[in-house]
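Any read-out appearing in this document is the output of simple, stated calculations on the displayed coordinates, not a laboratory observation. Treat the numbers as computed from the prediction; the structure is a model and nothing was measured. Cβ sites come from the backbone with ideal geometry, for glycine too, and all protein chains shown count toward neighbours.
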Amino acid sequence: MRNIAILTSGGDSPGMNMAIRAVVRSGFHYGFNVYGVYNGYKGLVKGEIKKMTRETVSRILNRGGTILGSARFEKFKELDYQKLAVKNLKEKNIEGLVVIGGDGTFRGALDLHNLGIKCICLPGTIDNDIPSTDYTIGFFTALNTAVDSIDKLRDTSFSHRRCSVVELMGRHCGDLTLYAGIAVGSEFIITPETGYDKKKTLAAVKDSYRRNKRHAVVVVTEHMVDVNQLAKDIESETGYETRATVLGHVQRGGTPSAFDRVLATEMAEYGVELLSRNIGGKVIGLRGLNMVDYDIEEALKMKKDISNKRYGLVGMLAQ
Ligand code: F6P
């Protein structure tokens, strides 16, 4: 294998640029030419592929987003589009492809792998919803952004003796909400893993009011509940004036944390080293302090462990 390529796909996450940089530079170290594919699988199908140089990846390590661009491209599930992608790669004699993204990105890579392209998948998403790794590239940066925002909300909430209901991203995974809930000392968390129990939520906030707390925070994963309605319910049932805040896409941006930069670098180098030994069809993960790899198919079948202990902390420490 002489030529490899890299693409970013799905929702961008902070640290993707660091991963791109590390794929390019370790690619050079292992003797590859490295190509960048622009705009994810959509760009791959259109043939948006350019050779990368040291210069194309310099001064990007502290930038959020992805310099290659990203896209959600449902049509890539269709064989005709996958074949077009393979044709575009083969035209440039590209035999290996590193993809950075979430499980949808990995499914695309599995399809390409089955069509003969050696694919390596790096988990890059703020949701931390990839079971084959303890942490994904971008999760801790998004968490810091969320915590920083909620700390600011607490300042105003405290001044007015209010409750803040804060909606976080995460899609079907409560990790961002859970970790943020612990970090800001929230009264209650609502995640896909806990489900929504209106009675329990109101009781927890009411309890804080009775104990004369000047502020309360309820963190909620997106899609779980209408946060404006919940704010109204809290206000009418507990005594706290309440405001709802949806943090939204701000969680996806910003300078990647040091942890995410190191994680992205180590995962990228690990993946490129596998390609240098002609090994593809793998998802890279972090287990404890170690880099690991799994077959893509195996990784896609895994289920995420729920940390009951960690969930228990929120209620216990709110008292
Ligand atoms: O997967 C990352 C993520 O930010 C999710 O948390 C969220 O549900 C989704 O992407 C939003 O997608 P979009 O940016 O396409 O609206």
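Bridgeable aspartates and glutamates around LYS50 (alpha carbons under 19 Å apart, same-chain partners fewer than 8 residues away excluded): GLU91, GLU95.
Once the Cβ-Cβ distance of ASP155 and VAL292 is raised to the sixth power relative to R0 = 45 Å, the FRET efficiency obtained is 0.60.
Highest mean packing comes first when the peptides 234-243, 8-17, 194-203 are listed by Cβ atoms within 10 Å, giving 8-17, 234-243, 194-203.
Taking every DSSP helix (H) stretch of at least 4 residues in the chain, weighting each as -39,500 (n - 2.57) and dividing the sum by the residue count yields a mean residue ellipticity at 222 nm of -13500 deg cm²/dmol.
Exposure proxy shown here: for MET302, MET18, MET52, the number of other Cβ atoms within 10 Å sets the order, fewest to most, as MET302, MET52, MET18.
Rounded to the nearest 10 degrees, the angle from helix 175-184 to the longest Cα principal axis of the chain is 50 degrees. Rg ratio for the stretch 238-312: its Cα radius of gyration over 2.2 N^0.38 Å, N being its residue count, equals 1.64.
Ranked by how many other Cβ atoms sit within 10 Å of their own Cβ, fewest first, the residues GLU298, GLU167, GLU91 fall in the order GLU91, GLU298, GLU167.
Strictly over 20 Å apart at the Cα level, which of LYS51/LYS77; LYS51/LYS282; LYS199/LYS232 would you flag in this model?
LYS51/LYS77; LYS51/LYS282
By the equivalent-ellipsoid construction on the alpha carbon gyration tensor, the chain comes out with semi-axes of 42, 18, 17 Å, ordered largest to smallest.
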